[in-house]
Amino acid sequence: MAIDRIFKDEASEEKGERARMASFVGAMAIADLVKTTLGPKGMDKILQSTGRGQSVTVTNDGATILKSLHIDNPAAKVLVDISKVQDDEVGDGTTSVVVLAGELLREAEKLVAAKIHPMTIISGFRMAAECARDALLHKVVDNKADAEEFKSDLMKIAMTTLSSKILSQDKEHFAQLAVDAVMRLKGSTNLEAIQIIKKPGGSLKDSFLDEGFILDKKIGLGQPKRIEDAKILVANTAMDTDKVKIYGARVRVDSMSKVAEIEGAEKEKMREKVQKIMAHGINCFVNRQLIYNFPEELFADAGILAIEHADFDGIERLALVTGGEIASTFDNPESVKIGRCKLIEEIMIGEDKLIHFSGVEFGHACTIVLRGASHHVLDEAERSLHDALCVLSQTVNDSRVLFGGGWPEMVMAKEVDELAKKTPGKKSHAIEAFSRALLAIPTTIADNAGLDSAELISQLRAEHHKEGCTAGIDVISGSVGDMSQLGISESFKVKQAVLLSATEAAEMILRVDEIITCAPRRREDRM
């Protein structure tokens, strides 16, 4: 009896088969959950939070869905993590990576049941993944040299990425926006320079790309409405005078005139501060905190545009884009970097007035203004566009391109099958299983479109035995189509990330043979 008492009372452990079952089942459940969002005909999920306000999110972005789930199963958490990493690393393919990992585990489960050791399965998977990656490398297209071709590649990739999202109806319009925005970056992957502003009203078609930077603020009263050749000081400092009232300081005075003196002194302090700020030779002052009437008055008299309460995201971007830095002390003007732009003016979008900074220092900055029916639509549109921007900025750096629509998976599966035939021993089963798991992606794309996936996959297989085949699933016509004519392309980088992450995650879960759950900590009664 004594031997069982290693763990505390409520800790539980599951060994061997049971543990493996628990992790397989959890991982497959997660994969099945996001499976239906894959592909151009994938469905969306509504996520409703239980918190205050019961905020509702409508999305089909794998990472967003999984981020919002509270999961107990450890294996499922691994899948959530790989979708997060995929999102941070390349921005798209978040659903595919989870589906592939889930399928690998489904296949692995059968193999374990057939008494093949997990380590054998893992080494088979490793070989298969290598082989699949090489198969893709042989088939990549790289048009970096030809600017026109490359641009059309980018357009195709953007359209393919967007076609599984809410923006699929106007995908040409948005693909154009995304490509233009990324082309302006000239090869940097710093997406900070692309700002996305969401304004309800109008339809998605009314979204547009504007060069420069738009700050979601109104211009104060009595301030100049447009400034040419602006010098901008971006600051994060308190511009409210009567500090005495704020800090609850107690001052004993014996007459009213003394109070007036104190207030006068406060005002003087403020005036000095404003003069210090003006000494930088600026004509636009953007502050993250409030600016009271008095300093605002002083700025207006000096013809300086004062913008208060700029939200943090906005102000950091504004500093980046105009080439300035955020200042908080103003004693030595020469050390402060001041932002510049050619023109500041007020523009109207829908009902709101915004401030537009054009001709900014950081030439490749731009703002995408999204319009749409409701906040939910806009949020989802922003997520979709973000995916497209990520993929494009990665593709600009690594310009290798593949066809889409299940074509890369077919190519990989074919090569992996060849490898399985050549490999002696039990590993060959694992390698075969890997190729079956790869086929799950085109199968799911077809299933989600309500097509007969078994029929289509077998047709595809036959097609792929010919040399230089470009066949994939054409979801629109519901048959096997030619991907090069349809212009369905994907970035090699995304595919590679999907393949490697999924294999590693599956491997990690396969290695598990015991799950130990700690006893929950007891809350002491604090009564």
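Annotations
- Overall, segment 90-221 carries a charge dipole of about 420 debye about its Cα centre when +1 sits on the Cβ of Lys and Arg and -1 on the Cβ of Asp and Glu, all other atoms neutral.
- Per-residue ellipticity at 222 nm computed for the chain from its helices equals -16000 deg cm²/dmol, with DSSP H segments shorter than 4 residues left out and the rest contributing -39,500 (n - 2.57).
- Charge tally in the Cβ shell below 14 Å around Asp482, where Lys, Arg are +1 and Asp, Glu are -1, Asp482 excluded: 0
- Segment 320-478, accessible area per residue, ligands and nucleic acids excluded (1.4 Å, Å²): 41
- Label-reachable residues, segment 284-321, where backbone N falls under 16 Å from a point 7 Å from Glu268's Cα toward its Cβ: none
- Surface share of carbon and sulfur [accessible, 1.4 angstrom probe, percent] for the chain: 51
- Between helix 94-113 and the chain there is an angle of about 30 degrees, using the helix long axis and the longest principal axis of the Cα atoms.
- Taking the charge dipole of the chain about its Cα centre, with +1 at Lys and Arg Cβ atoms and -1 at Asp and Glu Cβ atoms, the residue from Met483, Ala132, Ala502 reaching farthest to the positive side is Ala502.
- Rolled with a 1.4 Å probe across the full set of protein chains, the surface gives Glu268 an accessible area near 90 Å².
- Global form of segment 221-379, assessed from the alpha-carbon gyration tensor, a/c cut-off 1.5: prolate
- Which listed pairs, of Lys110/Lys495; Lys110/Lys421; Lys110/Lys165; Lys35/Lys171; Lys414/Lys493; Lys422/Lys466, have C-alpha distances above 24 Å, in listed order: Lys110/Lys495; Lys110/Lys165
- Listed by chain and number, the lysines whose alpha-carbon sits under 29 Å from that of Lys8, ignoring those within fewer than 8 places in the same chain, are Lys77.
- All lysines inside 18 Å of Lys258 as judged from Cα atoms, apart from same-chain residues fewer than 8 positions distant: Lys243, Lys245, Lys267, Lys269
- Site-free segments of the chain were taken between chymotrypsin sites (Phe, Trp or Tyr not before Pro) in DSSP loops having at most 13 other Cβ atoms within 10 Å, sites themselves excluded; the longest one is 248-527.
- Listed cross-link partners Lys205/Lys353; Lys199/Lys353; Lys67/Lys156 are compared with a 18 Å cut-off, the Cα-Cα value being larger for Lys205/Lys353; Lys67/Lys156.
- Three-way shape call for segment 1-154 based on the alpha-carbon gyration tensor, with the a/c threshold at 1.5: oblate
- Computed on protein heavy atoms with a 1.4 Å probe, the accessible areas place His465, His138 in the order His138, His465, largest first.
- Share, in percent, of DSSP beta bridges within the chain that are antiparallel, nearest 5: 70
- Angle between the chain longest axis and helix 74-89 axis [Cα atoms, degrees, rounded to 10]: 60
- With Cα atoms, 0 to 90° folded angle of helix 427-448 axis to the chain main axis: 60
The values are calculated or read from the model by the stated rules, or taken from the named source; none is laboratory data. Since this is a predicted model, take the numbers as computed values, not measurements. We place every Cβ from the backbone using ideal geometry, glycine too, and count neighbours over all the protein chains shown. Just the protein is used for accessible areas: all its heavy atoms, side chains included, with ligands, DNA and RNA removed. Shrake-Rupley method; radii C 1.70, N 1.55, O 1.52, S 1.80 Å.
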